[in-house]
Amino acid sequence: MCPRLKAPSSRASTKHERTLILPPESAGRLDATLSRLLSGVSRRRLKAAFKEGRILQDGRAARGSDSAIPEAHVRMLDLPDSGAWSPAPEPEPDNLGIEVVYQDSTIVVAEKPAGVPSHPRDPGEGGSVAEILLRMLPDMHGVGDHPDAPGLCHRLDVDTSGLLLFARTNEAFQAIRRQFREHSIDKRYVAAVGGVLEGYGTIDVRIGRQSKRRMIANPPANIRAWPARTKWKVRAAADRSTLLDVTLETGVTHQVRVHLAWLGHPVMGDARYGGVPAPRLGLHACRLGLRHPSTNEWVTVESRRGEEVADMVVGAR
């Protein structure tokens, strides 16, 4: 929906004054929202206007970092390049292959393709599952503890595909986060790994943070570590690779990737942890099970995808 512009004020005290009514689906930072909506104003001019108090949201002086309020009146005063203002054309929605596989009035489960981030990496950034889902379901605005990713209950690595769980109310968000803390949510993956494995096993090895981007299994005593437990079972095997069903009993960053690398069978395509080269990371979140936060009934959601990972192991399907 395009914003509605009111006629400029006739008062002589301001040379240029416009009021913009934000679209009902507005979310994220106010400066990023205005930058998207107004094609005639440079980011530099917009930043200066915020700094000098010439932008008001619902009658109050606003900062660029303030959250955009759906249908708020944003008043903008004396922007030097205001004569060129026009609402920016709204692009056609691009859902990047994201599909909602389950939803009700309380929770939503979406399929994340590989290569799409779970949430914005920078404030106001588009192209994440959280941003696209909010565009589909604007009632999620303000849910949870991440302003740029409303309702997001957990995360998947950018290169991991599969199921992501969102809450649509703050009550549901808190109930689901409790289940994650108690490790009672059923999280299952399918993983394509290098080398041949047989049977099944459990990896019960602590994981620590070696650097900003890399975790390590069984770290030395000077590195803080968290308990981590991963179960694996062979689904199919080929000459040089194996397809595994993997169940997480804890939720440490990069847990599946780090544990399987520690086992000597890193995930295919995982250059960070020693995986053999592949067109994509061989990891897909295929199943989520939880107590429904409203009914307390057990709900299981299974992925409709995952073929790309299975196809990485020759003869696995």
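The values are calculated or read from the model by the stated rules, or taken from the named source; none is laboratory data. Source: prediction; values computed, not measured. With ideal geometry, Cβ positions are generated from the backbone for all residues, glycine too; neighbour counts draw on all protein chains shown. For the accessible areas, the whole protein counts, side chains as well, though only heavy atoms, and no ligand, DNA or RNA atoms are used. Shrake-Rupley method; radii C 1.70, N 1.55, O 1.52, S 1.80 Å.
Data for the structure
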| read-out | value |
| --- | --- |
| Given charges at Cβ of Lys, Arg, Asp, Glu: the chain dipole, positive-most of 199, 69, 50 | 50 |
| GluC sites (Glu not before Pro) within segment 165-246, DSSP loop, no more than 11 other Cβ atoms inside 10 Å | 182, 198 |
| Linear extension gain, residue 295 paired with residue 240, 0.36 nm per residue minus alpha-carbon span | 15.2 nm |
| Where Cα atoms sit under 29 Å apart: lysine pairs in the chain separated by 8 or more or lying on different chains | 13 |
| Cα centre as origin, Lys/Arg/Asp/Glu Cβ charges: the chain dipole, Debye | 1060 |
| Hz values of 3J(HN,Hα) by residue in segment 106-111 - Karplus curve (6.51, -1.76, 1.60), Gly and Pro given as x | 10, 9, 9, 10, 10, 8 |
| Shape category assigned to segment 131-197 from the gyration tensor of Cα positions, a/c cut at 1.5 | oblate |
| Among (1) 20.0; (2) 21.9; (3) 20.9, the entry derived from the coordinates for Kirkwood radius over Cα pairs in Å | (2) |
| Helical mean residue ellipticity (222 nm; -39500 (n - 2.57) per DSSP H run of 4+; nearest 500) of the chain | -4500 deg cm²/dmol |
| 1.4 Å probe accessible area per residue over the chain, in Å² | 51 |
| C-alpha center-to-center spacing [segment 171-215, segment 290-314] in angstrom | 15 |
